[in-house]
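Take a look at the structure set out below.
Each reported figure results from applying straightforward, stated rules to the coordinates on display, with no laboratory input. Values in this document were obtained by computation on a predicted structure and should not be read as measured data. Glycine gets a Cβ as well: all are built from the backbone with ideal geometry, and neighbour counts include every protein chain shown.
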Amino acid sequence: MANAELAETKKLSRKECWKMVNEACDQALKLAKEPIFSHPFTQELKAGTLPIECIRGWLLNSYAWALEINMSAPEKYYRFNDLLSQKMDLLTMLADKYADEFASPGRGGHQRTMDILGKALGLNPKEMQEHRQLPAMRGMLDATVWGNEVSLGLGMSIAEEWIGAWCAIWFESLTKYYGVSETEAYYFRLHAEADSLSEHESGSAIGHEIMGHGQSHRYVAVRMLEDGLLTAEEMRQMVMRSAGADSYVNFLDALYYTYHPAKKLSEIEQTRR
């Protein structure tokens with residue numbers, strides 16, 4: 001980054017940074033949500049017509065997602081020690097977020113709510129733990145974990161915001177159409193809340209409310225832009241890359257055409273679509 005760019009970036013006020021970050025994030029979310037929310041997987045889920053095989057397929061392939069993402073995230077403490085030791089607001093926010101992932105709503109954190117959901121759908125933890133993921137999920141997960149380790153933006157991921165809205169669809173549909181109780185579907189309610197823009201009550205497991213995960217990513221971008229660690233263009237590119245729409249659409253395609261009884265395609269047929 002050139003010195004002139006650094007000087008220009010440092011002149012931005014906190015208010016100006018928030019405006020730029022919110023505009024970039026809102027644009028990225030709009031582009032990400034359209035193909036995901038209009039996908040036949042999502043549309044049928046919303047209507048209650050998605051076969052249960054597809055729902056079980058999503059859970060089998062997604063079980064390792066939260067665990068691997070969360071286990072890789074604290075790598076930022078080591079890689080960005082010099083930065084975080086000088087920015088206690090960022091350090092505190094990240095610590096709260098990791099504690100929430102591993103402690104809310106109770107011991108074992110978010111991952112344990114997937115065990116409850118799996119049982120309701122006829123799956124056991126061992127089956128989910130040992131499932132061989134579809135290549136589309138495995139590749140996406142590996143890329144995301146690697147991004148946590150090399151990202152200049154402390155693993156900033158605007159994708160958590162659309163995931164929160166998507167989880168709200170899951171929660172409503174499972175409890176309305178698929179005979180899953182609110183307690184059994186709590187994984188989706190938890191993420192609809194935790195990945196939102198506001199503070200959320202589930203932070204009570206660590207003693208206080210914490211910043212919503214979606215808001216936390218925007219805050220990271222604001223602080224790095226404000227302190228001249230990123231230029232405005234670098235921030236915009238980081239936000240767009242972090243939306244994760246293309247890779248998740250590929251995953252939904254693989255799910256839909258692998259598990260849907262009436263839509264099944266072989267791997268070769270899926271490649272030729």
Quiz item: So how much slack lies between E68 and K119, counting 0.36 nm per residue of separation and subtracting their Cα-Cα distance, in nm?
Solution: 16.3 nm
Quiz item: What does the convex hull of the Cα atoms come to per residue for region 6-116, in Å³?
Solution: 167
Exercise. Mind ranking 158-167, 135-144, 82-91 by how tightly packed they are, going by the mean number of other C-beta atoms within 10 angstrom, highest first?
Key: 158-167, 135-144, 82-91
Self-check item: Dimensionless Rg/Rh of region 39-191 - Kirkwood Rh, Rg from C-alpha atoms
Solution: 1.00
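Which of the peptides 29-38, 16-25, 56-65 is most tightly packed, and how do the rest follow, judged by the mean count of other Cβ atoms within 10 Å per residue?
Packing order, densest peptide first, comes out as 56-65, 16-25, 29-38.
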Practice problem: Indicate the gyration tensor shape class of region 3-272 (rounded, prolate or oblate), computed on the Cα atoms with a ≥ b ≥ c the square roots of the eigenvalues: a/c under 1.5 is rounded; otherwise a/b larger than b/c is prolate and the rest oblate. | Solution: prolate
